[in-house]
Amino acid sequence: MSTVLLPLAGLPLLWVGVIGTSLTYRALRGRAHASRIRTEPGSTSTAAALLLYAGWTLVATASLIWLLKEWRIPAADVGFTARFSAFDFVVGVTGAVVGLGMWPLAERLAMLGARANVLLRVPADSRRPARGAPLQMSAAAARDAWVVACVGGAVVPSLEEFLFRGYALAALQQHTESALAAMLLVSAAFASVHIVFGARVVVYGFIVSLALSVVVLWRASLYPAMLMHGLINLTAFVVIPLTARRDARGGHTDI
């Protein structure tokens with residue numbers, strides 16, 4: 001927990017990435033002759049959208065770093081410690097395995113009834129890519145896999161962990177005086193930036209965010225959570241889509 005009181009003024013920066021990406025993406029889609037970005041599976045939309053999201057999230061991160069310097073907040077108070085032990089590595093890898101195993105639970109919770117889909121106003125079937133969505137979970141083209149792997153598996157998780165579990169979690173824990181309340185609020189915010197994917201991914205994002213928050217509070221460091229988050233994204237954006245494409249070419253169409 002931070003030793004210096006963290007202002008809440010930086011919280012709006014949590015949504016800069018998704019809002020900026022959505023607006024930019026829609027603007028590009030509106031200029032059909034100037035943009036080749038498409039939303040169909042197999043197009044370059046995943047890599048392009050991830051680059052857009054990473055760019056906007058980098059803007060938010062740079063803004064937050066400037067604010068932290070103005071507030072004279074030490075880097076260690078937002079999770080950037082000098083250590084990364086072998087145990088932290090094990091925690092990150094194990095957390096990723098556990099996190100990936102939480103997807104069936106998220107599916108069951110999201111499918112409890114149509115009420116969740118009505119409230120969120122999203123399609124019931126999250127397997128279909130949402131048109132106009134800033135990211136596409138199922139459309140990683142083979143030629144863009146290295147871009148998706150680097151940006152989605154390393155850059156984006158690191159930036160998001162700094163924003164959500166580094167700054168926001170510490171600030172909310174101070175102001176609410178409750179680790180549980182801070183975890184729930186941060187997880188709700190994290191889930192909200194995934195609403196374009198549908199109810200299942202929103203629920204999954206909330207559950208995984210809780211797990212990531214526990215890791216950060218337990219280890220007093222962002223590094224294990226960054227590793228855990230990166231491995232989950234790498235699996236979701238690259239490993240699973242490429243495996244599905246290979247199976248489809250071999251005659252196996254079930255995903």
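Tabulated data for the structure shown
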quantity: Check on Ala27, in a helix (DSSP H, G or I), surrounded by 15 or more Cβ atoms within 10 Å (Cβ to Cβ) and modelled with pLDDT of 70 or more; calculated: no
quantity: In segment 144-178, residue surrounded by the fewest Cβ atoms within 10 Å (Cβ to Cβ) [restricted to those that are assigned to a helix (DSSP H, G or I) and free of Cβ contacts under 8 Å to residues at least 60 places away in the same chain]; calculated: Trp146
quantity: Members of segment 58-81 found to be outside any helix (DSSP H, G or I) and in contact with a helix residue (DSSP H, G or I) (Cβ under 8 Å, 6 or more places away or on another chain), listed by number; calculated: Gly79, Phe80, Thr81
quantity: Condition broken by Ala191, with the remaining ones in (1) surrounded by fewer than 24 Cβ atoms within 10 Å (Cβ to Cβ); (2) hydrophobic (A, V, I, L, M, F, W, C); (3) in contact (Cβ under 8 Å) with a residue 24 or more places away in the chain satisfied; calculated: (3)
quantity: Qualifying residue in segment 188-201 (condition: closer than 16 Å to Ala106 by Cα, modelled with pLDDT of 95 or more, part of a helix (DSSP H, G or I) and not small (Gly, Ala, Ser)); calculated: yes
quantity: Residue satisfying condition, being touching a helix residue (DSSP H, G or I) at 6+ places or on another chain (Cβ under 7 Å) and surrounded by 22 or more Cβ atoms within 10 Å (Cβ to Cβ), within set Val201, Val215; calculated: Val215
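The values are calculated or read from the model by the stated rules, or taken from the named source; none is laboratory data. All figures in this text were calculated on a predicted structure; none of them were measured in a lab. Neighbour counts run over all protein chains shown; Cβ positions are idealised from the backbone, glycine included.
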